[in-house]
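Nothing in this text is a laboratory measurement; each read-out follows from the coordinates by a stated rule. The shown structure was predicted, so the numbers you read here are calculated from the model rather than taken from an experiment. Quick reminder, even Gly has a Cβ in these numbers, built from the backbone with ideal geometry, and neighbours come from all protein chains shown.
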């Protein structure tokens, strides 16, 4: 994602009950990224379950409380990076909705 102009803010951010693979910043957008690797791209694209999204949301809330500057004036987004054998990684913006309010 660095090639796309994103600046990493945190990697493998873990809290009780949740984890975020990558938190990145580009412009006024903070992106909470889930990385999924599967044998094929269809399996990778379908790998973010509602339960996983809930764990990402819990961790994102904690990350935001620890970084209060991020709560004001930034767009918050849930992206996915999907990896499969013999395929280029695929970055999908807004791959999942985050309920952080």
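Summary of computed values
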read-out	value
Share, in percent, of DSSP beta bridges within segment 2-96 that are antiparallel, nearest 5	60
The chain - percent relative contact order, Cα under 8 Å, separation 6 or more	27
Computed [θ] at 222 nm, helices only, for the chain once each DSSP H run of length n ≥ 4 contributes -39500 (n - 2.57)	-6500 deg cm²/dmol
In degrees, nearest ten, helix 50-66 long axis to first principal axis of the chain (Cα)	30
Segment residue 49-residue 4, extension gain: residue separation times 0.36 nm, minus the distance between their alpha carbons	13.6 nm
Backbone N within segment 46-73 under 11 Å of label point (7 Å from residue 99 Cα along the Cβ vector)	54
Pairwise label distance in nanometres, residue 88 with residue 28, each label 7 Å out on the Cα-Cβ vector	3.0
